[in-house]
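I have placed the structure first, in the form of structure tokens, so that the comments after it can refer back to it.
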Amino acid sequence: MQPWTNKSAKMKTGAHSRFFIMIYGVLLSILSHVDGIATETAPSNTLIILDTSLIRSTGGISQFDRRKYITLHTDVTENDWNSPQSASMMDTVFRDLDIYFGRNNGGMVWWANQLPEDPQRPGYIQPLAISEQGQIARLNYASDLRNRFDARADTMIGGQPQVMWPELKANWDWAGATAVGEYMARYVNKFYRPFSDSTVSSGAPAPRFIEIMNEPLYSLCDDPLPGLSKRVTPLDVFEYHRDAAKAFKFINTNTQIGGFTVAFPEFDLQNFDRWDQRMKLFMDTAGAEMDFFSLHFYDFNHHWAAPDRGYVHFKGSRLEATLDMVETYSHQLWGQVKPLVISEYGGRDHTTERDTWSPQRDWVFMKALTPMLMTFMDRPDRIEKTIPFIVTSFDWAGDPPYPWRLLRFSNEPESLSGDRVFTEMIKFYELWKEVKGTRLDTYSTNPDVKADAYTFGKKAWLILSNLSLEKQPVFINIQNSGESTSAEITEIQIRHLHAVNRIPQLTIEQDTQISEFMLDPEAAAVIELTYSRELNPTHQSETIKYYSDQIKQSIQESKASVFTFSNVDINQAVEAVLDLSFGRAHPFSKHPVVTFNGNILNVPHQFAGDDLQSGRSSFFGQLNIPFPVSILQATNTVSIQFPDSGGFVSSVCMRVTSSDQVPVRPDQVRNIRIYPEQASLGVNQQRQLTASLSPENARDIRVNWSSSDPSIVSVDRLGQITGQAIGSATITVTSVESNHSVKSSIQVIAERVPVLADTVLVEPSKLEMIRGETAVLSASILPIDTDNRSITWSSQNPQVATVDSTGKIVAVADGSTQITATATGGAWGVCEITSQTRIPGSITFDDKSKYLQTIYKVGSTLPVTCSFRATTGRKVDEKGLKFWLRELRSNWSVVKDRVVYDPSTADKNTGIASASISLKDLTPSTALPAGNFYYLWVTFTEDNGTQITQGAAASPITIVSDE
């Protein structure tokens, strides 16, 4: 940390702050060339502006709601809180750190298997039994230690596929979704007290939300649970949600019901087929019955399916694009945005999740929390609840215990013994301690550094989060633009949550001056400012989000995608931002030409968070494009044009801020570039010139185009030039705001100058095929105004793969070849083709007879080894091979499973797999119910979702008592 004195913290707005911004501008003046156009690089220093006189409201909400944001994945009924040992920890969690309860997915599910079937209505739970057990539960709660923090309850509960889905319930089966919905409604009505009753003796407070089922598609479609007699489709699940919600609402109209609890909302997969086949289909099928939509978000520090098992992140622009797509379609269907609930979010790491506890692993899980939370906080009018996936202890989950937990044993990782202590996860809540109050206006010059602020009484809290893997030097400039005299800062506390040698540290420093602060990689900080008196912001801004009438438009070369915004309130508008979201294959351009009501906008090149997303199969993100409010109208048209084909513009949204106070921004245009700087063209020929302004966050990006001699070269207001007569002229583009200008020299000759292709992009650039398969390649030509855009396709080795004039290829034999797309003039691009004969996936025991003849003892282990081969062109998915020891009835219905994975086989096509299945606490074979037996089975799922289940099965397995 390099301290410096910021006297503006005690000064009125004026010359000093303007000088500060001017000097800071010098730090941002380095330019580089991207896509052939001059653009500003990511700033080496970040300027954060905090205006303590300006309240920031979004959709009518300006207060920090800790019930919504500072939560724990538990509820007041959980047994972890019902012991004298946990009393002091509850005080720390709920009183000192001001945390609220979040979610419980266990109680309702457990009771579904305990309560009896209604003899009058097969497949339904008996209502009287629900009432009787619910009354007992409410009475027990009235005498529990847990009810001390009854006021902390603002929770959701939910179902689980392994109990709530027909065929998977123990003892007897549901009559269908209606029976499940009815049970859920009666459970809430009878196991909890009504919302109108605040008396603890009446039972635990009713949940505000209920999710029909937790991550159903993963458990029923992607990696199906054992016991299903037929394939379950997403449509089956969505119709189930619709019918269950209808039944629930018939009995209970107080608790909000929703779904479908998306495990991996990767809408861009398979060129957005995942969106069409899942989230969109759900909203079309069941959305009208949903009170909210629930999603889960995780950053993977290491992901088995990623290249080099590396980073796969959501935080930043991908998260923004994902949320905007759901909101836009919701608005399109119902004319309003249905609320969202983020019922799980955080971090994961496939390489450590099955290990014993370590502080390093806690950091991997918790570093994603603050950046994601700050994104959710930007949508206070649309997101109803956010719950980080941090449970209490989950001791019952096995050894090693559940990774994402708040409590551990003091002797871990050596042994599961000792006193209860907090894991490193507690530091996330310590970072956010006391943050509350009214939201203040903040601004960051760097998309990779998020900023937010709140004030209550004499305190203000400035929150910062670093989305990047690099350190970020941060300058903090505090303004008080609306008061004649400013309150003085008397004390500053800086809480910095970062990693030292990969171990999370919450560093706390005290100061009396604002400093140049070094924000560590993926770190977060809360800067607590104590003032000499209460802050009383005198101005208020209101941000309204507008949704276009269109969604998911295909990107086609040289063809604009058009989006419209209607009924926009421009009264007192002081700031406007266009949120452009799109998904494309990695090689394609991420820098479109965007016009707003005919005005070309200055499109930034930097995305928030991971710009490359190289760990994913394609890019999906959002560009935030500021533009001058002077071009804003009640009805607006946005045109978006990319230079190449492929992918989709998923959504375009617009945020308009109105205020009686213009916010402080470092927004003056400081430089301008033109491309090309010189060109030749013929008489009557047209070319497009492009201007790029810096900084990219400049608020007023209007420019004027002019020609030194319009009789030679004319130019229109969008920079399109036309050769009028032989000769030369200079085209000048000038910033309206700063008067900066730059010139391009244009030569006009008698004959037209050919515009030749210099780049050909083939999509995809690499393709693995099975012999006999067909595929269609696409080719994009740059520049976009190339005269002859025809393509000639050819195959380096037609004996391996052929290609026709449309780019359709056929794999005809095993081998490798290149498919080449050649443009007129010689520019070319290729696709690498590998063709193989399809061999189906298989699994083979090393010696099946060994498992049938060996007698295993309870308490020992059953070591299993097998060879495997995935289908040609496929790999084992991220979990690896799955080893089952299953207890079956004589009719082959499932009693229970014991499952172990071999993660070393993940992402492999062939190899040897092994695992040891624990036989602890199993029932000896001779003591099983008549007809029951043990069945040894090995399966795996391929990376395309195909289940390989044949070839490695043995029964009966003999298990005897260890006595």
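The values are calculated or read from the model by the stated rules, or taken from the named source; none is laboratory data. Just so you know, these numbers come straight off a predicted model, no measurement behind them. Because the Cβ atoms are built from the backbone with ideal geometry, glycine has one as well, and the counts that use them run over all protein chains shown.
Considering region 127-168, and only residues there that are assigned to a helix (DSSP H, G or I) and without any contact (Cβ under 8 Å) to a residue 24 or more places away in the chain, the residue that is surrounded by the most Cβ atoms within 10 Å (Cβ to Cβ) turns out to be 129.
Listed by first and then second residue, the pairs with beta-carbon distance under 7 Å, at least 6 apart or on different chains, first residue in region 646-662 and under 23 Å from residue 571 (Cβ atoms) and in the same structural domain as residue 578 (by TED's automatic domain parsing), second among the basic types (Lys, Arg) and assigned to a strand (DSSP E or B), are 653/545; 655/545. The C-beta contact set for region 790-816 (first residue on the phi > 0 side of the Ramachandran plot, second residue part of a loop (DSSP other than H, G, I, E, B), distance under 8 angstrom, 6+ apart or interchain) comprises 807/777; 815/797; 815/799; 815/800. Take region 822-871 and flag every residue that is assigned by TED's automatic domain parsing to the domain that holds residue 940 and without any contact (Cβ under 8 Å) to a residue 12 or more places away in the chain. Selection gives 847, 849, 850, 853. Counting the residues of region 902-930 that are among the hydroxyl-bearing types (Ser, Thr, Tyr) and buried (at least 17 other Cβ atoms within 10 Å of the Cβ) gives 2.
The single residue among 534, 557 that is in contact with a Gly (Cβ under 7 Å, 6 or more places away or on another chain) and in contact (Cβ under 8 Å) with a residue 60 or more places away in the chain turns out to be 534.
Of all the residues in region 315-374, those that are crowded, with 20+ Cβ neighbours inside 10 Å, of a type in the set (S, T, N, Q) and closer than 27 Å to residue 67 by Cβ number 4. In region 378-389, the residue that is surrounded by the fewest Cβ atoms within 10 Å (Cβ to Cβ) out of those that are in contact with a strand residue (DSSP E or B) (Cβ under 6 Å, 6 or more places away or on another chain) and of a type outside the set (Lys, Arg) is 381.
Of the listed requirements (1) surrounded by fewer than 19 Cβ atoms within 10 Å (Cβ to Cβ); (2) β-branched (Val, Ile, Thr); (3) at pLDDT 90 or above, residue 774 misses just one: (3). Among the residues of region 264-315 satisfying the criterion of being at pLDDT 95 or above and small (Gly, Ala, Ser), which is farthest from residue 238 (Cα to Cα)? If we take residues in region 264-315 being at pLDDT 95 or above and small (Gly, Ala, Ser), then 294 is farthest from residue 238 (Cα to Cα).
Tell me the residue from 320, 327, 266 that is among the acidic types (Asp, Glu) and in contact with a Leu (Cβ under 8 Å, 6 or more places away or on another chain), please. None of the others qualify; the one that does is 327. Among the candidates 314, 297, the residue that is outside the structural domain of residue 544 (by TED's automatic domain parsing), under 18 Å from residue 615 (Cα atoms) and assigned to a loop (DSSP other than H, G, I, E, B) is uniquely 314. Here residue 603 meets each of (1) at pLDDT 95 or above; (2) aliphatic (A, V, I, L, M); (3) in a loop (DSSP other than H, G, I, E, B) with one exception, condition (1).
Which is within 28 Å of the chain's Cα centre (by Cα), closer than 28 Å to residue 55 by Cβ and either touching a residue at least 12 places away in the same chain (Cβ under 8 Å) or assigned by TED's automatic domain parsing to the domain that holds residue 593 (or both), of 544, 492, 476?
544
Of all residues in region 190-211, which are crowded, with 18+ Cβ neighbours inside 10 Å and of a type outside the set (A, V, I, L, M)? Listed by number, the residues that qualify are 190, 191, 192, 193, 203, 205, 207, 208, 209, 211. The set of residues in region 889-904 being within 23 Å of residue 845 (Cβ to Cβ) and either modelled with pLDDT of 95 or more or among the charged types (D, E, K, R) (or both) consists of 896, 897, 898, 902.
Scanning region 457-465 finds one or more residues that are part of a strand (DSSP E or B), surrounded by 22 or more Cβ atoms within 10 Å (Cβ to Cβ), at pLDDT 95 or above and β-branched (Val, Ile, Thr).
Say we look at region 861-911 and pick out the residues that are outside any loop (DSSP other than H, G, I, E, B) and of a type in the set (Phe, Trp, Tyr); which of these is nearest to residue 771 (Cα to Cα)?
Looking at residues that are outside any loop (DSSP other than H, G, I, E, B) and of a type in the set (Phe, Trp, Tyr), I get 868.
A single member of 343, 330, 393 is assigned to a helix (DSSP H, G or I), polar (S, T, N, Q) and touching a residue at least 12 places away in the same chain (Cβ under 8 Å), and it is 330.
When the criteria are applied in full, residue 646 meets the requirement of being at pLDDT 90 or above, small (Gly, Ala, Ser) and closer than 29 Å to residue 318 by Cβ.
Only one of the numbered conditions (1) within 15 Å of residue 688 (Cα to Cα); (2) in the same structural domain as residue 822 (by TED's automatic domain parsing); (3) not basic (Lys, Arg) is not met by residue 716, and that is (2). The single condition among (1) without any contact (Cβ under 8 Å) to a residue 40 or more places away in the chain; (2) more than 27 Å from residue 551 (Cα to Cα); (3) within 29 Å of the chain's Cα centre (by Cα) that residue 253 does not satisfy is (3). Taking region 718-744 as the range and being surrounded by 17 or more Cβ atoms within 10 Å (Cβ to Cβ) and within 16 Å of residue 684 (Cβ to Cβ) as the test, the residues that pass are 721, 722, 723, 724, 729. In region 168-189, which residues are more than 16 Å from residue 110 (Cα to Cα), out of contact with any Asp or Glu (no Cβ under 6 Å at 6 or more places or on another chain) and β-branched (Val, Ile, Thr)? Listed by number, the list is empty, since nothing qualifies.
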